[in-house]
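The structure under discussion appears below in the form of structure tokens.
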């Protein structure tokens, strides 16, 4: 598997992703990284939903949430950032596609292929519930 590749999103945007991450997907100002679960367990639709979620972290959240994480409750800020990243994915790639990804992640938690970290991520059922409830424009 190549260490870097370009993933073309359904809207035509091209995103550079790097392999190997300790998580299904992660992002920072340096880029988006993915792991083996991204390639082996996710469909192309679920992969794109991950990328949209991670694009929020890379392009939007680092500026918004950095001060909150630094000076206030880290867990609360991390959870708010995850909810916002899920919403961003739903807005840009569709509510159903985002729900599909979140449901798959829930299954992967159950199979032990993805580790749940409550310090950085809210409960998956709460993430699913919030996406179901949002009204998109």
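The values are calculated or read from the model by the stated rules, or taken from the named source; none is laboratory data. Since this is a predicted model, take the numbers as computed values, not measurements. All Cβ positions, glycine included, derive from the backbone under ideal geometry; neighbour counts span all protein chains shown.
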Note to self: Please go through region 103-130 and give me each residue that is part of a helix (DSSP H, G or I) and closer than 19 Å to residue 60 by Cβ, ordered by number.
What the structure shows: 127, 130
Checklist line | Those residues of region 37-46 which are crowded, with 20+ Cβ neighbours inside 10 Å and in contact with a strand residue (DSSP E or B) (Cβ under 8 Å, 6 or more places away or on another chain), in sequence order | finding: 38
Next item on the list: Can you work out which of the residues in region 102-133 that are closer than 14 Å to residue 85 by Cα and at pLDDT below 95 is farthest from the chain's Cα centre (by Cα)?
Entry: 120
Notebook entry, point to check: Does region 58-73 include one or more residues that are modelled with pLDDT of 80 or more, in contact with a strand residue (DSSP E or B) (Cβ under 6 Å, 6 or more places away or on another chain) and closer than 21 Å to residue 15 by Cα?
Noted result: yes
Check: Failed condition for residue 28, given (1) modelled with pLDDT under 80; (2) surrounded by 15 or more Cβ atoms within 10 Å (Cβ to Cβ), with all others met?
Finding: (2)
Next item on the list: Quickly run through region 83-96 and pick out the residues that are in a helix (DSSP H, G or I) and surrounded by fewer than 20 Cβ atoms within 10 Å (Cβ to Cβ).
Entry: 83, 84, 87, 91, 95, 96
